[in-house]
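The values are calculated or read from the model by the stated rules, or taken from the named source; none is laboratory data. Keep in mind the model is a prediction, meaning the values are calculated, not measured. In this analysis, Cβ positions are derived from the backbone assuming ideal geometry, glycine residues included, and neighbour counts consider all displayed protein chains. For the accessible areas, the whole protein counts, side chains as well, though only heavy atoms, and no ligand, DNA or RNA atoms are used. Shrake-Rupley method; radii C 1.70, N 1.55, O 1.52, S 1.80 Å.
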Amino acid sequence: MTRRYDALIVGGGHNGLVCAFYLARAGLKVRVLERRHVVGGAAATEEFHPGFRNSTASYTVSLLQPRVIADMRLYDHGYRVVERPIANFLPFADDYLKLGGGTARTQAEFARFSAHDAAALPAYEAALGRIADVLRDLALRTPPNAGGGLRALLAAAGQGRRVAGLALEAQRDLLALFTRSARDFLDGWFEDDRIKSAFAFDAVVGNYAGVSTPGSAYVLLHHVFGEVNRKKGAWGHAIGGMGAITQAMARACEAAGVEISLEAPVARVLVDGGRAAGVRLESGEEIAAPVVAANVGPLLLYRALVAEADLSPEFRRRIAGFKAASGSFRMNVALSELPDFAVLPGKAQAEHHGAGIIIAPGLDYMDRAFDDARAFGWSRQPIVEMTIPSTLDDSLAPPGAHVANLFCQQFAPELPGGRSWDDAREEAADTIIDTVTAHAPNFRASVIARQIHSPLDLERKFGLIGGDIFHGRMSLDQLWAARPVLGHGDYRAPIDGLYMCGSGTHPGGGVTGAPGHNAAREILRDRSLWSRWLR
């Protein structure tokens with residue numbers, strides 16, 4: 001082995017950078033090993049057509065932990081986020097719906113469709129807000145580990161007390177969100193299908209499921225516990241794209257003394273005497289460290305980077321059952337002009353162009369999208385969220401032109417009949433373009449270039465098994481102490497010295513920084529205990 005470090009981080013995505021920063025700040029000698037030519041993982045900004053740059057995969061900001069932002073002093077390193085003018089814009093066949101701009105304004109929009117739903121909105125927001133506050137509190141806490149003894153029991157009691165302290169009605173809402181479908185949950189609050197659609201969309205983002213699938217309501221909740229510029233539940237755009245966030249993180253890491261190596265793919269986690277001893281790169285170079293933190297998904301880690309002989313048969317069986325598939329298809333397009341929507345005409349920039357533009361007209365539409373994906377491989381009428389970040393950030397496109405993100409559901413991770421996504425990606429991309437054009441007739445003609453990421457492309461490029469943007473399904477059996485498997489929900493792998501710091505651990509997916517933060521805390525706790533024992 002050529003060099004020795006206190007800790008190695010496998011993967012330079014945002015959680016890996018966060019973990020590296022906290023370890024280095026504590027005085028450890030840390031090296032980040034990134035397979036690609038740029039840090040950031042799925043949170044990167046790249047030029048995909050001459051003069052057009054965009055966030056390659058992850059595309060919007062809300063869930064990044066304020067504590068991480070403050071500790072890493074990201075604002076000092078160039079981090080800047082601007083809010084959307086309104087949250088979302090939903091075009092329908094003969095009307096549209098806007099969300100955002102405050103509760104009163106959204107109520108006025110709802111009242112055009114349903115006086116009942118307009119009146120219900122404040123109570124609905126308050127109910128989700130109470131539960132979201134609990135999730136925010138738990139996000140930076142290590143889940144109690146099954147079989148972890150007294151410390152785990154105390155942790156479980158402490159975290160359970162936060163839930164037990166909720167009023168009875170809030171506990172009922174929490175139970176419903178964790179167990180019911182988004183459709184069933186929303187049916188209990190609203191009557192108009194278009195209004196329910198505006199909320200149900202969040203339940204299928206990164207979730208290979210229909211809005212009628214039990215458990216889908218939780219994913220709806222997962223997307224509302226973030227904040228932007230101290231405004232809870234808000235979403236925004238990082239100036240310079242998502243890569244600007246991870247570049248700021250990289251600068252914070254380097255200022256703390258972290259060494260970052262690009263184009264340094266890890267082939268194997270080395271284990272000696274049942275303990276992590278370092279890694280071997282694909283180049284054959286071996287690097288020693290008593291701590292290895294993996295910022296890759298659990299399936300990639302345990303299928304490809306850890307030798308089968310270093311894992312027990314029982315653990316291998318359990319991890320083989322870990323589900324990863326988000327049904328996502330991601331595109332970037334360069335545009336000659338802004339979309340001109342049939343229900344809200346105009347190519348001049350307006351507030352709806354800066355919103356999340358959601359094409360998901362109805363709960364049945366969303367369920368059909370999922371049914372299509374299971375039967376045919378992808379939806380013939382997919383669910384599409386389009387954002388046009390160049391309306392908020394003119395650094396991304398030439399004057400007068402624009403870039404748009406198209407984040408689309410439902411697309412099967414594996415196509416039926418043995419068909420490959422390599423053969424189907426262009427056809428699926430055409431379906432997405434047609435879907436947007438049905439609502440904005442000028443859209444297809446305005447597309448100058450497109451960058452396509454099928455589920456297979458997402459797996460190859462970013463290591464997202466099954467194209468899963470969350471590193472694993474966000475279902476009740478794969479959350480909190482059971483993420484990725486019960487007994488290893490505390491970021492510790494079943495090999496001493498090996499840790500997990502990615503989105504396949506609590507609290508799950510999104511650009512949060514929480515798994516990296518929490519894993520670093522556990523690494524430092526173990527190191528402190530080990531040091532005291534040696535003394």
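So the values come out like this:
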{"quantity": "Every residue from region 441-473 that is touching a Lys or Arg at 6+ places or on another chain (Cβ under 6 Å) and of a type in the set (A, V, I, L, M, F, W, C)", "calculated": "452"}
{"quantity": "Any hit, region 504-513, residues being crowded, with 24+ Cβ neighbours inside 10 Å, touching a Cys at 6+ places or on another chain (Cβ under 7 Å) and assigned to a loop (DSSP other than H, G, I, E, B)", "calculated": "no"}
{"quantity": "Verdict on residue 498 being open to solvent by less than 40 Å² (accessible area, probe 1.4 Å) and farther than 28 Å from residue 211 by Cα", "calculated": "yes"}
{"quantity": "Members of region 211-246 found to be among the aliphatic types (A, V, I, L, M), outside any helix (DSSP H, G or I) and open to solvent by 10 Å² or more (accessible area, probe 1.4 Å), listed by number", "calculated": "224, 234, 239"}
{"quantity": "Residues of region 471-488 satisfying the condition of being buried (at least 24 other Cβ atoms within 10 Å of the Cβ) and in contact with a Leu (Cβ under 9 Å, 6 or more places away or on another chain)", "calculated": "471, 472, 484"}
{"quantity": "Unmet criterion (only one of (1) surrounded by fewer than 19 Cβ atoms within 10 Å (Cβ to Cβ); (2) over 19 Å from the mean Cα position of the chain (by Cα); (3) modelled with pLDDT under 95) for residue 83", "calculated": "(2)"}
{"quantity": "Within region 106-156, considering residues that are charged (D, E, K, R) and modelled with pLDDT of 95 or more, the one surrounded by the fewest Cβ atoms within 10 Å (Cβ to Cβ)", "calculated": "112"}
{"quantity": "Where residue 22 falls short, out of the listed (1) open to solvent by 30 Å² or more (accessible area, probe 1.4 Å); (2) outside any loop (DSSP other than H, G, I, E, B)", "calculated": "(1)"}
{"quantity": "Verdict on residue 180 being open to solvent by 30 Å² or more (accessible area, probe 1.4 Å) and at pLDDT 95 or above", "calculated": "no"}
{"quantity": "Some residue of region 330-350 being touching a helix residue (DSSP H, G or I) at 6+ places or on another chain (Cβ under 7 Å) and either modelled with pLDDT under 95 or more than 21 Å from residue 441 (Cβ to Cβ) (or both)", "calculated": "yes"}
{"quantity": "Residue within region 374-381 that is surrounded by 23 or more Cβ atoms within 10 Å (Cβ to Cβ) and either more than 13 Å from residue 335 (Cα to Cα) or touching a helix residue (DSSP H, G or I) at 6+ places or on another chain (Cβ under 7 Å) (or both) present", "calculated": "yes"}
{"quantity": "Residue that is modelled with the highest pLDDT, among those in region 454-493 that are over 27 Å from residue 307 (Cβ atoms) and not in a helix (DSSP H, G or I)", "calculated": "454"}
{"quantity": "Single residue of region 25-62 satisfying the filter (within 17 Å of residue 289 (Cβ to Cβ) and touching a Gly at 6+ places or on another chain (Cβ under 8 Å)) that is surrounded by the fewest Cβ atoms within 10 Å (Cβ to Cβ)", "calculated": "29"}
{"quantity": "Filter result for residue 263 (surrounded by fewer than 23 Cβ atoms within 10 Å (Cβ to Cβ), charged (D, E, K, R), under 22 Å from residue 55 (Cα atoms) and out of contact with any Pro (no Cβ under 9 Å at 6 or more places or on another chain))", "calculated": "yes"}
{"quantity": "Members of region 1-13 that are open to solvent by less than 20 Å² (accessible area, probe 1.4 Å) and not in a strand (DSSP E or B)", "calculated": "5, 11, 12"}
{"quantity": "Residue within region 443-451 that is surrounded by 19 or more Cβ atoms within 10 Å (Cβ to Cβ) and within 22 Å of the chain's Cα centre (by Cα) present", "calculated": "yes"}
